[in-house]
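Peer 1: I'd like to ask some things about the structure below.
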Amino acid sequence: MEFQLNGRSVRTGGFPAHATLLDYLRNNGLTGAKEGCAEGECGACAVLAVAGDGGGSRYRAVNSCLLLLHSLDGQEVHTVEGLACDGVLSEPQRAIAEGGGSQCGYCTPGFAVSLFAEYYRPDRTGLCDPHAMGGNLCRCTGYRPLRDAALSLGAAPDDGFRERLDRPAPAMSAYSTPCFERPESLDACIALLAANPDARIVAGATDLAVEANLRGRRWPKLVSVEGVRELKTFSETADAIEIGAALTLAEIEERWTDAPAVVRSWFTLFASPLIRNRATLGGNLATASPVGDAAPLLLALDAEVRIAAPSGARSVALRDFFQSYRKTALAPGELIAAIRIPKPLPARLAFYKAAKRVMDDISTVAAAFAIDTDTDGRITSARAAYGGVAETPVLVSAFERALLGRPWNPSAVRAAQDAVAGMLTPLSDHRGSAAYRLAVAQSLIEKCWWETREAEAA
Ligand SMILES: Cc1cc2nc3c(=O)[nH]c(=O)nc-3n(C[C@H](O)[C@H](O)[C@H](O)COP(=O)(O)OP(=O)(O)OC[C@H]3O[C@@H](n4cnc5c(N)ncnc54)[C@H](O)[C@@H]3O)c2cc1C
Ligand code: FES
Ligand code: FES
């Protein structure tokens, strides 16, 4: 395999499928990126990937502990060592150093990398957004000096780093080794899966690499969907929005320019920028995690999963996609091609994530509600979907039965709360007891009512 590392071509090989860029870097003397957690939580391992589609490109900060080395063939990466030119620190590095944003220094390269990506963000017009460092943790300095460093930066200079963004990002061309394949077309991908029944699909690897790093999982072959062009499309018509399964959350956020406010804030509640730069929607649904955040929102939006199969394409309503704990309707050799959201979108849409931390945390309970009424204010459709309250994400059909034909008022809220309580089977774990989860699931219906009432009164 060959890739560009800090502007130089690197040729290397012989790595197993699960090898990560972080291991490669540290074994080759580039020790700026640190291993803090090996599971995408701390950002100490952050590096920059040059990414984009068509015209220009951008720097995306990503966790190198979750970046599979093979996935980098033909790609361009910069580590913190490459950001300073001839011994002169880049502006983000200088601002962090001079602003007292570093003490022990363990986290500092990761913060510098995330801030660097924000500093050179092509569509940035104002100050750097400190939230760009939202996936980086610091245990000793505290975040104030880091925030101030971000806010002290002006426009990026017209230097080589900026000029690089005028050119397209490297293509995700076909790549093939005995343990890792990256096809370019859907047909080639399906053929590979059929010929290799033991192969595992990989997209952004934000789940899969954690399995390898922390649970020692190994695979004889991985088939990456990152280069499959049919899975990287986004389209919106009068009838639907269709999102390619291999688009990252960051790409979806950029392409869905008229997404409802609820969806826009949903993005910010999903993990961190470092994870969103790699995590795909297809990967999220395929894990069938009971605490995944995409499923409740998409269930409330009545989404459909487009499945690519050896025998052709088929579609499954998302409400039928999750079959039991971590089990989906995908048969061997099948993959998620796209997610289709029908239009018009519901008039009232809400998403809530109850977690121990507001940002960058796993949901204890996630809930999404979609409610439409007629001109008399009577409910014509109502969907409530939850994560964290059953062995799969669930659409609670009793919610709609309890609400149809009623006005959206406090008595309807109480009826919906009773209906939901009878249908949920939460577990107790370290994030919350079953009773707590049930209480949250019910109270979020009331929260939705208050919020929609206030929005309509405004
Ligand atoms: C630090 C951290 C924070 C996180 N925070 C959140 C969070 O807030 N909310 C949340 O919901 N999740 C969170 N996650 C989980 C994870 O980021 C998501 O599940 C992500 O969307 C997975 O996508 P991926 O592309 O990385 O999948 P991968 O890791 O590449 O794959 C995951 C699984 O899906 C399969 N797969 C991938 N693509 C397809 C496809 N097209 N068709 C069929 N199977 C496929 C793979 O075989 C694998 O089994 C977090 C993860 C980490 C590490
Ligand atoms: S080592 Fe913590 S995010 Fe990579
Ligand atoms: S400076 Fe020590 S962890 Fe951030």
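The values are calculated or read from the model by the stated rules, or taken from the named source; none is laboratory data. Fair warning: this is a prediction, and the values are worked out from it, not measured in the lab. No Cβ is skipped: glycine too gets one built from the backbone with ideal geometry, and neighbour counts run over all protein chains shown.
Peer 1: Restricting attention to the stretch 100-118, and to residues there that are small (Gly, Ala, Ser) and under 10 Å from Thr141 (Cβ atoms), which single residue is farthest from ligand 2 (Cβ to nearest atom)?
Peer 2: Filtering the stretch 100-118 for residues small (Gly, Ala, Ser) gives 100-102, 105, 110, 112, 114, 117.
Narrowing the set further to residues that are under 10 Å from Thr141 (Cβ atoms) leaves 100-102, 105.
Working: Gly100: 23, Gly101: 18, Ser102: 17, Gly105: 15 Å.
Applying the filter and picking the extreme gives Gly100.
Quick grid of which residues meet (1) more than 16 Å from ligand 3 (Cβ to nearest atom); (2) touching a residue at least 24 places away in the same chain (Cβ under 8 Å); (3) surrounded by 19 or more Cβ atoms within 10 Å (Cβ to Cβ); (4) assigned to a helix (DSSP H, G or I):
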position: Pro178; (1), (2), (3), (4): yes, yes, no, no
position: Glu184; (1), (2), (3), (4): yes, yes, no, no
position: Ala194; (1), (2), (3), (4): yes, yes, no, yes
position: Pro197; (1), (2), (3), (4): yes, yes, no, no
position: Thr206; (1), (2), (3), (4): yes, yes, yes, no
position: Ala212; (1), (2), (3), (4): yes, yes, yes, yes
position: Arg218; (1), (2), (3), (4): yes, yes, no, no
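Peer 1: Please specify each residue of the stretch 146-166 satisfying the condition of being touching a strand residue (DSSP E or B) at 6+ places or on another chain (Cβ under 9 Å) and assigned to a loop (DSSP other than H, G, I, E, B). Break it down stepwise before answering.
Peer 2: Narrowing the stretch 146-166 to residues touching a strand residue (DSSP E or B) at 6+ places or on another chain (Cβ under 9 Å): 159-161, 164-165.
Selection gives Asp159, Leu165.
Peer 1: Evaluate the stretch 265-285: report whether one residue or more is polar (S, T, N, Q), more than 13 Å from ligand 1 (Cβ to nearest atom), over 21 Å from Ala368 (Cβ atoms) and not assigned by TED's automatic domain parsing to the domain that holds Ser64.
Peer 2: The answer is no, given that none of the residues of the stretch 265-285 is polar (S, T, N, Q), more than 13 Å from ligand 1 (Cβ to nearest atom), over 21 Å from Ala368 (Cβ atoms) and not assigned by TED's automatic domain parsing to the domain that holds Ser64.
Peer 1: Moving to a separate point now. Counting residues that are farther than 27 Å from Gln323 by Cα, outside the structural domain of Ala300 (by TED's automatic domain parsing) and at pLDDT 95 or above, which helices (runs of 4 or more DSSP H) fully inside the stretch 347-458 reach at least 1? Full working, then the answer.
Peer 2: Details: elements: 397-403, 410-421, 434-457.
Hits in the stretch 347-458: 410-421, 434-457.
Peer 1: Which residue out of Arg314, Arg306 is in contact (Cβ under 8 Å) with a residue 12 or more places away in the chain and outside any loop (DSSP other than H, G, I, E, B)?
Peer 2: On the way: Arg314 fails: in contact (Cβ under 8 Å) with a residue 12 or more places away in the chain.
Exactly one of Arg314, Arg306 is in contact (Cβ under 8 Å) with a residue 12 or more places away in the chain and outside any loop (DSSP other than H, G, I, E, B), namely Arg306.
Residue-by-condition table, conditions (1) touching a Leu at 6+ places or on another chain (Cβ under 8 Å); (2) over 30 Å from Val358 (Cα atoms):
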position	(1), (2)
Leu192	no, yes
Ala212	no, no
Thr237	no, yes
Ala250	no, no
Ala288	no, no
Val291	no, no
Ala295	yes, no
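Peer 1: Now for a separate question. I need every pair where a residue in the stretch 124-148 that is on the phi < 0 side of the Ramachandran plot and modelled with pLDDT under 95 has its Cβ under 8 Å from the Cβ of a residue that is of a type in the set (S, T, N, Q) and more than 16 Å from ligand 1 (Cβ to nearest atom), sequence separation at least 6 or different chains.
Peer 2: Taking only residues 6 or more apart or on different chains, the pairs are Cys140/Gln103; Thr141/Ser102; Thr141/Gln103.
Peer 1: Determine if the stretch 336-343 includes at least one residue that is more than 16 Å from ligand 2 (Cβ to nearest atom) and closer than 24 Å to Val210 by Cβ. Give the derivation first.
Peer 2: Initially, the stretch 336-343 is screened for residues more than 16 Å from ligand 2 (Cβ to nearest atom), giving 336-343.
The next check asks that each one be closer than 24 Å to Val210 by Cβ; those that pass are 336, 339.
Within the stretch 336-343 (the criterion being more than 16 Å from ligand 2 (Cβ to nearest atom) and closer than 24 Å to Val210 by Cβ), the answer is yes, since at least one residue qualifies.
Peer 1: In the set Lys232, Lys221, which member is over 28 Å from Arg121 (Cβ atoms), of a type in the set (D, E, K, R) and away from ligand 2 (no atom under 16 Å from the Cβ)? Steps first, please.
Peer 2: Values: Lys232 fails: over 28 Å from Arg121 (Cβ atoms).
Residue meeting the stated conditions: Lys221.
Peer 1: For Ala97, only one of the following conditions fails: (1) over 18 Å from Lys34 (Cβ atoms); (2) within 15 Å of ligand 3 (Cβ to nearest atom); (3) hydrophobic (A, V, I, L, M, F, W, C). What is its number?
Peer 2: Of everything listed in (1) over 18 Å from Lys34 (Cβ atoms); (2) within 15 Å of ligand 3 (Cβ to nearest atom); (3) hydrophobic (A, V, I, L, M, F, W, C), Ala97 misses just condition (1).
Peer 1: Something else: Does Gly87 satisfy the criteria of being in the same structural domain as Ala51 (by TED's automatic domain parsing) and modelled with pLDDT under 95?
Peer 2: Working: in the same structural domain as Ala51 (by TED's automatic domain parsing): yes; modelled with pLDDT under 95: yes.
Yes, satisfied.
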